[in-house]
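Okay, structure first, notes after.
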Number of protein chains: 2
Amino acid sequence: MPSPPHNGDGDAHPPQRRRRHLSLLLLLLRLVTFGFSLAAAISTATNSSPSWLRFQSFRFVFAANVIVAAYSLFEMCAAVHEILKGATLFPEPMQLCFDFAHDQVFAYIVVAAGAAGAADARRLRAGGACAAESGSCVLADVAVALGFAGFAFLALASLVSGFRLACYLTTGSGLHIW
Amino acid sequence: MPSPPHNGDGDAHPPQRRRRHLSLLLLLLRLVTFGFSLAAAISTATNSSPSWLRFQSFRFVFAANVIVAAYSLFEMCAAVHEILKGATLFPEPMQLCFDFAHDQVFAYIVVAAGAAGAADARRLRAGGACAAESGSCVLADVAVALGFAGFAFLALASLVSGFRLACYLTTGSGLHIW
């Protein structure tokens, strides 16, 4: 498989194989994240009687999951491009920083949205609002749970992309921050 | 300065200096995190009229910030030990994994707690509960803001400890996960 000239100088392991494995792992994690986030966004948006989007916390859950789903879709395209062409979509240092920074920030945003949504869903249940519309309350819980599942895989993706970036910084070429 | 035998094989930069700089940076970040988390926990616990700990989300804010403050205190002791003795408190791979894993998990927990607390504080304000006890509402907002400030520095610490771990994994000795 072709690979750009970047390789680890003091590294006993073949960088091409490692890169390919990491790209495939990231692609898989992003696919799962995309599925969960999209499902969470759809569950939140379609939960009506009346619409749960009247609650600010559920608007936050919806927005965070739409953003994460769109980002995961873009990153899947980037990963497929990288696996097929053997080179990153943007210049490598930029791509690695972009991936890791967005993974971390979006993971924090989506877990915060999930927590705010869970707090509101719980409050509504405690306040007796679920007696009349129990199906809607269950769907709200499902949306929050799907958001948390998406977060878990995004957090894993951020670990992998962070490791890729750190590999590049410590053993790679072209970007000396020290 | 003494340093354990671990050093980067293919690494042009002196590992001792780098290790010392990273340890000092981490110590500083943990000190700031400790201050903010402790202040957030104290603001939440002392907010009474009646106690804000009656709200589950504020109990979450309190618990998360107490845990982060205690963890930061422990990590400060570990960092001071490392700077003075030139070796980590636990065996190095275990210490680096411990630091990074706890930084990441606690950062996610504390941002989730902050979001849940902010959602509840906002709801109480919107519900008119702050008209009678406005000082208490302001203190609740301050507690949430302090928690977010602590989170920001913990997230930075997790970047640094993640980079340390990745340096060890990619250029170090003793722990080959590939």
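The values are calculated or read from the model by the stated rules, or taken from the named source; none is laboratory data. Every value quoted in this text rests on a predicted model; they were computed, and no experiment measured them. Using ideal geometry, Cβ is built from the backbone for each residue, glycine included, and neighbour counts are taken over all protein chains shown. Ligands, DNA and RNA are stripped out before the accessible areas are found, and what is left, the full protein with its side chains, is counted by its heavy atoms. Shrake-Rupley method; radii C 1.70, N 1.55, O 1.52, S 1.80 Å.
Counting the residues of region B:110-167 that are open to solvent by 20 Å² or more (accessible area, probe 1.4 Å), charged (D, E, K, R) and within 11 Å of chain A (Cβ to nearest Cβ) gives 3. Test each condition in (1) open to solvent by less than 10 Å² (accessible area, probe 1.4 Å); (2) under 18 Å from A:HIS21 (Cβ atoms); (3) polar (S, T, N, Q); (4) in contact with a Ser or Thr (Cβ under 9 Å, 6 or more places away or on another chain) for A:SER72 and report the one that comes out false. With respect to (1) open to solvent by less than 10 Å² (accessible area, probe 1.4 Å); (2) under 18 Å from A:HIS21 (Cβ atoms); (3) polar (S, T, N, Q); (4) in contact with a Ser or Thr (Cβ under 9 Å, 6 or more places away or on another chain), A:SER72 is out only on (2).
Exactly one residue out of A:PHE100, A:PHE90 is among the hydrophobic types (A, V, I, L, M, F, W, C) and surrounded by 17 or more Cβ atoms within 10 Å (Cβ to Cβ): that is A:PHE100. The residues of region B:111-144 that are over 18 Å from B:ARG59 (Cβ atoms) and assigned to a helix (DSSP H, G or I), listed by number, are B:ARG125, B:ALA126, B:SER134, B:GLY135, B:VAL138. Within region B:100-136, the set of residues being at pLDDT below 85 and not polar (S, T, N, Q) comprises B:ARG123, B:LEU124, B:ARG125, B:ALA126, B:GLY127, B:GLY128, B:ALA129, B:CYS130, B:ALA131, B:ALA132, B:GLU133, B:GLY135. The numbered conditions (1) among the aromatic types (Phe, Trp, Tyr); (2) away from chain B (no Cβ under 14 Å); (3) within 13 Å of the chain's Cα centre (by Cα) are all true for A:PHE90 except (3). Every condition in (1) away from chain B (no Cβ under 14 Å); (2) farther than 30 Å from B:PHE148 by Cβ holds for A:THR171 except the one numbered (1).
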